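Data block below; observations after.
Only the coordinates and a few stated rules stand behind these numbers; no lab work does. Everything numeric here is computed off the predicted structure, so don't read it as measured data. Here Cβ is always computed from backbone atoms with ideal geometry, including for glycine, and neighbour counts include all displayed protein chains.
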Amino acid sequence: MTAADQAYTVTPLCPHLGAEIAGLDVRRIGADVSLDAIQALLHEHQLLCFRDQKLEAADVMAFTNSFGLPDPHVLDQYTLPGFRDILVLSNIVRDGKPLGSTQEGFGWHTDLTYLPLPAAYTILYGLVVPPEGADTLFASMYKAYDALDDAERARLRPLMGNYSYAKLYARRDNAPPLTAEQRARTPDVRHPLVRIHPHTGREGMYLNLDDCTGVEGMPAQEGLALIKRLFDFTVENFAYTHKWRANDLLIWDNRGTLHTATPYDKERHQRLVYRTSIQGEAPIAPAAEPALAG
């Protein structure tokens, strides 16, 4: 560890997951602060919070690019002008035009399970945050999986879930139809319910509910009931609530982490958040565990 690495502190956010990194300007990562050290902390804690970051859009993209290939959002109509990989989450309207989407992130989920290569990491940068509400909740699927008995873990290891973006999108109120390009980018996919982390070898659940159409080899409702039971167990027992401050930068590892946005009073308060995601790998089932990637 270099002297620059030693200058920041790491404080757990709760017993289940998350750590706050204090005393670090993220623009130093990859320069005089080791990217490998930060990534190792991310894999250990699943969620990192960097406070008091004064960033421009280009800085957010530089931070994103340091972790991998950005994954453009399917709904590109809400991206930041000049930065196609930044999705804008906002209720602010300027000159009669919404700055961003107000519907993203509600309901417990892990990001982009409907893609063949789901997101490895997601980043949120809060420029304007309401004084109340608009929390983001996180829950550890690793901790939940570790808490299951041996028989349940053995039952889950061979199972595959089926996912559909069309199902997820159909839940939106008054949403315009998906374009042909958006439909082509989001064919139905299948992923293991238990996956191996490509960097650490850790085994844990990999679940989503709102875009899940069932579990292979099970009647649809039985499979969805299994997913919901595991979801409820995870979020009721292994969760953390993040209370936003302006200029918070969060990054989390989607391979074992659920999250959800929470409501706020859109008539009284403004919110402006930048979101990016980093493309991951095809989820690795336990039976296909590779040599560790380092």
Separation of alpha-carbon centers, the stretch 175-240 and the stretch 18-97, rounded to whole Å: 24
Within the stretch 245-270, backbone nitrogen closer than 19 Å to the virtual label 7 Å beyond the Cα of Asn237 toward Cβ: 256-259
Least to most buried among Ser277, Ser34 (fewest other Cβ within 10 Å first): Ser34, Ser277
Loop sites in the stretch 19-59: GluC sites (Glu not before Pro), DSSP, at most 13 other Cβ within 10 Å: Glu56
Relative exposure of Ile86, Ile227, judged by other C-beta atoms within 10 Å (fewest first): Ile227, Ile86
At R0 = 22 Å, FRET efficiency that the Cβ-Cβ distance of Asp135 and Glu267 yields, to 0.05: 0.75
Gain upon complete extension [Leu69, Thr9; 0.36 nm per residue less C-alpha separation]: 18.8 nm
Label-point gap, in nm, between Ala147 and Lys228 - each point 7 angstrom along Cα→Cβ: 2.0
Extension gain, Lys167 back to Arg94 (0.36 nm per residue minus Cα-Cα distance, nm): 23.1 nm
Karplus-derived HN-Hα couplings along the stretch 35-51 (A = 6.51, B = -1.76, C = 1.60, θ = phi - 60°), whole Hz, x at Gly and Pro: 5, 4, 5, 5, 5, 5, 5, 5, 5, 6, 9, 6, 9, 10, 10, 10, 8
Amide H partners (placed H, <5 Å) of Thr136, local residues excluded: His242, Trp244
Of Thr262, Ala285, Val235, farthest towards positive along the dipole that unit charges on Lys, Arg, Asp, Glu beta carbons give the stretch 221-294: Thr262
Sparse-neighbour loop sites [trypsin sites (Lys or Arg not before Pro); the stretch 241-275; at most 15 other C-beta within 10 Å; DSSP]: Lys243, Arg245, Lys266, Arg268
Share, in percent, of DSSP beta bridges within the chain that are antiparallel, nearest 5: 90
Inter-probe distance in nm under a simple model that places probes 7 Å from Cα toward Cβ, at Ala31 and Arg202: 3.0
Shape of the stretch 198-294, Cα gyration tensor, a/c cut at 1.5: oblate
Extension reserve of the Gln103-Asp59 stretch, reckoned as 0.36 nm per residue once the Cα distance is removed: 13.3 nm
Estimated vicinal HN-Hα couplings, Hz - the stretch 118-130 in sequence order (Karplus 6.51, -1.76, 1.60; Gly, Pro = x): x, 4, 6, 10, 10, 10, 10, 10, x, 7, 10, 10, x
Gyration tensor (alpha-carbon) shape descriptor, the chain, a/c threshold 1.5: oblate
